[in-house]
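As structure tokens, the structure follows; a few thoughts come after it.
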Amino acid sequence: MAFVAHIDSGKTTLTESVLYTTSYLSCSGSVDTGSTTTDFLPVERERGITVQSASIPVKWKDWTFNLIDTPGHADFGMEVESASRVIDGAVILLDSVEGVEAQTKGVWQQLDRYDVKTRMMFFNKLDRPGASVTQSLRSLLANQFHPRPTILTLPIASFNSRQYAHGEPGIEGLVDLVRWQVWKWAGEGSDPTCHPLPETIEELNKFSLFPADHPIVPHLPIARTELIENLSMVSEELMEYLLELPSSPSAYLEIEAERLMPHLRSATISNEVLPVVCGSALKHVGTQLLLDYVGELFPSPLDVPHEAQTRTSPVRALAWKVTWDAKRGWMTFVRVYSGKLTKQSGLFNASRNRKEKAGKLMLLYASEAQEVDELPMGSVGVVLGLKHTRTGDTLVSMGANSEQRTALRDITPPPAVVSTSVIPQSHSDLEPVQQALDALTRTDPSVRVDVQEGQLVVQGLGTLHLEIVENKLRSEWNVNFEFGQRRVSYREGMGMGEPQENWDHWSGEVNGKPASVVIPVEIRPMEEGEVGDPVWDGNLVIGPRGKPLPSPESISTSRLAAIGDGLATALSNSPHYSLPLTKVYVKVNELPKDIGVSIATLNTATVAVVRNRIRSAGPGPILEPYVHVKISVPEKSFGNVINDLTENGGELLEMGEDSSSGFDGSEASAFSDEGVYVPPAWVSPSGSYTGKSGGQGTVKHVIHASAPLKQMFDYSNRLRAIAEGHGNFEMTVDGFKDVSEARCLEILKEIGRA
């Protein structure tokens with residue numbers, strides 16, 4: 001499983017709490033002091049953010065979890081992408097003060113993309129002022145995360161009822177609505193106590209743990225009743241059982257957790273409900289309950305579709321991450337889907353048609369390694385010694401048949417939006433820099449390296465991503481270079497010009513002899529309704545069988561792979577403005593059995609044919625990356641912020657005073673709360689307290705806008721100046737958009753093409 005969330009939602013802190021709770025650590029580290037287990041890179045400890053995902057096996061009761069802590073910053077979305085590909089379930093953290101944020105939605109969509117059905121929400125930071133379970137739940141509905149979020153644990157802000165009246169922040173306990181227990185945390189450093197709740201309303205009202213006037217007590221039967229009734233809506237068997245119960249007010253309080261858990265587990269695995277647990281990772285509140293419910297509700301490797309296993313089942317594993325270690329060399333993180341991987345065994349890389357040999361096998365506890373003899377099905381581990389394997393490759397046993405050698409689903413990197421030139425300090429530094437960049441792209445496929453007009457250009461997911469790239473090149477590969485100015489990565493579409501006659505014919509000389517070949521491709525601009533493939537940078541490339549063509553490295557037949565590689569080369573650099581091409585439709589037809597040229601010549605001919613077709617079509621539209629930005633500012637700065645956005649090419653999408661509205665302004669189509677238990681606002685007194693004046697502090701206005709990424713590089717400084725330090729914003733990539741003629745001319749001047 002993985003912990004995923006928006007940046008600063010507490011993923012690494014929760015990981016530390018899990019390691020402390022499971023006795024892996026004697027005391028938990030802190031992000032603020034740079035002492036956490038999974039943020040072990042110097043750059044992570046220096047900046048206080050997670051840059052790369054870290055895997056760690058966790059033992060809790062009778063379960064073993066392969067836990068992956070992921071970055072929250074969008075610039076490191078590739079790490080979440082690769083983790084999402086191999087997990088069976090995910091815990092999505094939500095800052096209970098902020099609700100759903102930009103990257104919360106981003107990681108949710110990544111889980112959708114890799115069909116990770118089993119998910120659980122953890123409402124974190126309930127000890128903070130302004131935290132609200134109610135508003136957090138409503139933000140899930142407003143952003144259409146799931147129509148049935150189901151609260152399993154209800155927070156107790158304080159066992160002193162007066163704190164509810166005063167709106168004091170805090171979390172001192174949790175009510176487990178399924179097991180019908182109450183947990184109480186006495187304070188830091190002390191273990192929580194667990195108390196079973198009475199099974200009749202009369203006894204509950206006299207329960208000694210709560211004062212007689214505590215507001216939570218009369219609400220608990222209501223909360224459990226709604227939980228059970230809502231669960232019965234997705235379980236016919238549970239519904240029939242409830243219909244046979246007596247009509248006593250305490251009937252639902254007497255239902256054992258053992259009767260509810262199988263229905264809850266089935267509904268969670270099938271994604272019919274979204275379990276929600278609450279707590280504070282910093283104070284270790286709710287961590288034990290989170291682990292219990294992950295163990296009870298998440299699928300084991302046997303619960304997800306898999307091949308029938310025997311003692312001789314061939315190995316099938318996916319390399320979901322590759323890193324370089326100065327002492328150990330190349331380290332390949334794998335998830336084993338079938339068979340048993342043993343050390344020193346021969347492997348075949350089905351994605352690249354290369355033989356490999358596994359050296360040592362390891363279980364990695366963040367930066368600490370434990371050597372093992374084997375990795376059985378379902379396990380996540382590290383293989384040393386693989387020379388050619390990259391992120392997303394499929395590894396199988398050497399003895400596997402042709403059907404078993406088919407590649408598993410690949411991992412698709414997000415599109416690069418920012419680039420910079422890489423300038424070696426001397427001619428002798430050129431080769432080491434090129435080798436370092438090649439190694440870096442092996443560890444991080446979202447980094448792309450091109451040669452444009454003789455200059456090395458590296459592209460990434462954002463300015464912070466490129467900063468980390470620069471840091472790794474210097475610290476890990478010790479190469480001498482300078483980075484040029486960061487600039488936006490633009491794209492070019494295809495023109496509408498008609499093709500020349502016999503444009504798909506290529507002729508030339510090979511080894512002094514004339515050669516010719518017809519490349520069986522159709523090329524045109526994409527039409528409305530057609531969706532580009534991220535594997536091909538927004539272009540749509542269809543293979544001979546009418547299905548999307550995989551990346552060239554994953555194509556098994558050499559001739560089709562040569563054409564695919566030629567297409568990738570030609571589409572990466574247009575003949576007009578040297579920009580990557582996008583929104584181009586390419587259909588590769590069947591190749592004749594005898595093409596009459598070598599594989600290398602077929603590749604060269606494909607590049608030439610495609611470039612000629614693009615050239616004859618004429619210059620196409622220029623596209624630049626946009627971001628969706630949500631800005632919260634006080635009323636006095638509202639007008640100035642809007643003026644600044646419009647002056648810098650931004651388009652206003654929505655404005656209002658409700659900061660809990662969907663990040664993309666989707667509140668109008670929010671899921672209904674019918675059939676959903678929504679706790680009353682007073683359950684989180686700090687989040688609902690209005691005080692004597694009836695106000696909740698300064699009302700902030702919220703602005704949703706779409707703006708060019710180039711104009712938002714320095715937005716943090718601009719907003720700080722405009723709002724006098726009282727504004728905040730969040731951004732997410734909004735794709736590439738066509739630009740106006742005037743803006744097109746500006747871009748061409750910027751890249752030296754006008």
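The values are calculated or read from the model by the stated rules, or taken from the named source; none is laboratory data. Nothing here was measured: the structure is a model prediction, and the numbers come from that model. All Cβ positions, even for glycine, are placed from backbone atoms using ideal geometry, and neighbour counts span all protein chains on display.
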Quick one: Lys360 ticks every box in (1) touching a residue at least 24 places away in the same chain (Cβ under 8 Å); (2) closer than 17 Å to Val86 by Cβ except a single one, so which number is it? (2)
All but one of (1) exposed (fewer than 15 other Cβ atoms within 10 Å of the Cβ); (2) modelled with pLDDT of 90 or more; (3) not hydroxyl-bearing (Ser, Thr, Tyr) hold for Gly691; which doesn't? (2)
Residues that are under 24 Å from Pro445 (Cα atoms), outside the structural domain of Pro147 (by TED's automatic domain parsing), among the small types (Gly, Ala, Ser) and in contact with an Asp or Glu (Cβ under 7 Å, 6 or more places away or on another chain): does segment 336-354 have at least one? yes
Residue satisfying all of: in segment 505-537; in contact with a Pro (Cβ under 7 Å, 6 or more places away or on another chain) and in contact (Cβ under 8 Å) with a residue 40 or more places away in the chain; farthest from Ile411 (Cα to Cα) among these: Asp537
Consider Ala281 carefully, then state whether it is out of contact with any Lys or Arg (no Cβ under 7 Å at 6 or more places or on another chain), aliphatic (A, V, I, L, M) and closer than 20 Å to Glu199 by Cβ. no
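Matching residues to (1) surrounded by fewer than 20 Cβ atoms within 10 Å (Cβ to Cβ); (2) modelled with pLDDT under 90; (3) under 13 Å from the mean Cα position of the chain (by Cα); (4) not β-branched (Val, Ile, Thr):
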position	(1), (2), (3), (4)
Cys27	yes, yes, no, yes
Arg45	yes, yes, no, yes
Gly72	no, yes, yes, yes
Asp75	no, yes, yes, yes
Leu94	no, no, no, yes
Meets criteria (free of Cβ contacts under 8 Å to residues at least 40 places away in the same chain and either surrounded by fewer than 24 Cβ atoms within 10 Å (Cβ to Cβ) or on the phi > 0 side of the Ramachandran plot (or both)) for Lys59: yes
When only residues in segment 355-395 that are of a type in the set (Lys, Arg) and either assigned by TED's automatic domain parsing to the domain that holds Ile56 or out of contact with any Leu (no Cβ under 8 Å at 6 or more places or on another chain) (or both) count, which is farthest from Ala407 (Cα to Cα)? Lys387
Any pair with Cβ under 6 angstrom, 6 or more apart, that starts in segment 11-33 at a residue that is assigned by TED's automatic domain parsing to the domain that holds Ile68 and of a type in the set (Gly, Ala, Ser) and ends at one that is outside any helix (DSSP H, G or I) and at pLDDT 90 or above: Ser17/His284
I'm trying to understand the selection: among the residues of segment 633-653, which are surrounded by fewer than 17 Cβ atoms within 10 Å (Cβ to Cβ), in a strand (DSSP E or B) and within 30 Å of the chain's Cα centre (by Cα)? Glu651, Leu652, Leu653
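Based on what the data block shows, is Val588 outside the structural domain of Gly99 (by TED's automatic domain parsing), buried (at least 22 other Cβ atoms within 10 Å of the Cβ), within 21 Å of Asn502 (Cα to Cα) and at pLDDT 95 or above?
So Val588 fails the test.
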Hits in segment 195-220 (condition: without any contact (Cβ under 8 Å) to a residue 40 or more places away in the chain and surrounded by 18 or more Cβ atoms within 10 Å (Cβ to Cβ)): Val217
Residues satisfying the stated conditions in segment 439-454, i.e. in contact with a strand residue (DSSP E or B) (Cβ under 8 Å, 6 or more places away or on another chain), closer than 21 Å to Pro625 by Cβ and part of a strand (DSSP E or B): Arg448, Val449, Asp450
